[in-house]
Amino acid sequence: VQLVESGGGLVQPGESLRLSCAASGFTFRFYGMSWYRRAPGKDREFVARITPAGASTTYTEAVKGQFTISRDNANNRVYLQRKSLKPEDTAVYYCGAESIPAFGQGTQVNVSS
């Protein structure tokens, strides 16, 4: 199993960002996928989940209406988009597949003016 996150970087408050996770080593379209994040000094927390076919999404209450999770089963990718980033979104973002105990190296997002 390999999960490779990308798309992070240094952005200013109010800017948008789309994170990407490339998955391999398992049958991607059969698995629900999730995004997590670990802010400085905090534990990793759940952000969003999408069902295998992409028909349903779930978000943690703190980010509802702010993030959008999506997936491309043809290319084994899952995405997380955030419009109008805030400094509190600064974190390392990880993707994960349900029932598979593995994460990638994460992608760092720094929101600062």
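The values are calculated or read from the model by the stated rules, or taken from the named source; none is laboratory data. Worth saying up front: this structure is predicted, and the values here are computed from it rather than measured. All Cβ positions, even for glycine, are placed from backbone atoms using ideal geometry, and neighbour counts span all protein chains on display. For accessibility, only protein heavy atoms count, side chains too; no ligands or nucleic acids. Shrake-Rupley method; radii C 1.70, N 1.55, O 1.52, S 1.80 Å.
Split the accessible area of segment 1-111 by element, probe 1.4 Å, and carbon with sulfur accounts for 46%.
A probe of 1.4 angstrom, applied to the heavy atoms of all protein chains, finds Leu19 with accessible area near 10 square angstrom. Taking trypsin sites (Lys or Arg not before Pro) in DSSP loop states with no more than 14 other Cβ atoms inside 10 Å as exposed sites, the chain has its longest site-free stretch at 1-41.
Pairwise Cα separations in the chain fall into 10 Å bins from 0 onward with the following percentages, short to long: 15, 51, 29, 5, 0. Put simply, the convex hull of the Cα atoms in segment 17-71 casts, on average, a shadow of 4.6 nm². For the residues Ile50, Ile100, a 1.4 Å probe over the protein chains yields an accessible-area ranking, largest first, of Ile100, Ile50. Candidate cross-link partners of Lys86 among the aspartates and glutamates, defined by an alpha-carbon separation under 20 Å and a same-chain spacing of 8 or more, comprise Glu15, Asp43, Glu45, Glu61. Looking at segment 1-95, the GluC sites (Glu not before Pro) that sit in a DSSP loop and have at most 14 other Cβ atoms within 10 Å of their own Cβ are Glu15. Solvent exposure of the chain amounts to 53 Å² per residue of accessible area, where only protein heavy atoms count and the probe is 1.4 Å. Put Ser113, Ser16 in order of accessible area, highest first, and with a 1.4 Å probe you get Ser113, Ser16.
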